[in-house]
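Below you'll find the structure, written out as structure tokens, and then a few comments.
The values are calculated or read from the model by the stated rules, or taken from the named source; none is laboratory data. No experiment lies behind these values; they were computed from the predicted model shown. Cβ sites come from the backbone with ideal geometry, for glycine too, and all protein chains shown count toward neighbours. For accessibility, only protein heavy atoms count, side chains too; no ligands or nucleic acids. Shrake-Rupley method; radii C 1.70, N 1.55, O 1.52, S 1.80 Å.
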Amino acid sequence: MSEIPAFTPLGTEPPNRSMQEDVFVPSADAFAAWMPTIAYEMGLALSWTAEQLVFVEQKKQEVISASEASAASATAAAQAQAAAESVANFKGRYADLSGALNRPATVLDNNRFWVLLVDLPNVTASAPSDNNPDWQPVQPPTAQAHAIALSF
């Protein structure tokens with residue numbers, strides 16, 4: 001980023017109609033001589049402001065991209081963790097189980113893996129399904145991460 005432009009001060013009181021002529025005329029001359037300088041400096045300030053707006057927009061886009069990448073990485077990490085825990089706690093096919101089943105536990109039922117969310121005194125009394133709050137399906141690690149929207 002470039003340096004903030006500076007403005008040349010007028011250096012005298014601006015002319016006004018209440019001044020005596022001997023004060024007004026030199027003040028008006030100084031003001032007239034100052035006008036091209038300040039006009040040029042104002043143009044520089046406007047250009048600087050436009051550059052800053054472009055810079056801020058670029059940084060905003062970088063933050064959005066980094067945030068989206070971070071969200072995707074967090075989702076992928078959570079999915080990998082769930083997959084690893086599923087493998088580590090795999091108890092087998094649900095149809096082959098009986099008796100008590102305590103957490104952590106993962107089972108295979110109808111070609112889907114399910115994570116047990118509560119301890120069960122009798123596993124056969126609570127079959128895995130999307131409608132059963134005792135079980136949660138394991139999402140495959142290849143599931144797509146949802147993009148997040150940021151507003152500025």
Exercise. Being in a loop (DSSP other than H, G, I, E, B), open to solvent by 50 Å² or more (accessible area, probe 1.4 Å) and in contact with a Leu (Cβ under 8 Å, 6 or more places away or on another chain) is the filter here, so list the residues in segment 88-129 that pass it.
Key: A100, N102, R103, P104, D119
Quiz item: Considering E41, E68, E85, which residue is surrounded by 11 or more Cβ atoms within 10 Å (Cβ to Cβ), touching a residue at least 40 places away in the same chain (Cβ under 8 Å), part of a helix (DSSP H, G or I) and not β-branched (V, I, T)?
Solution: E68
Exercise. From E51, E62, grab the single residue that is loosely packed, with under 13 Cβ neighbours inside 10 Å and without any contact (Cβ under 8 Å) to a residue 24 or more places away in the chain.
Key: E62
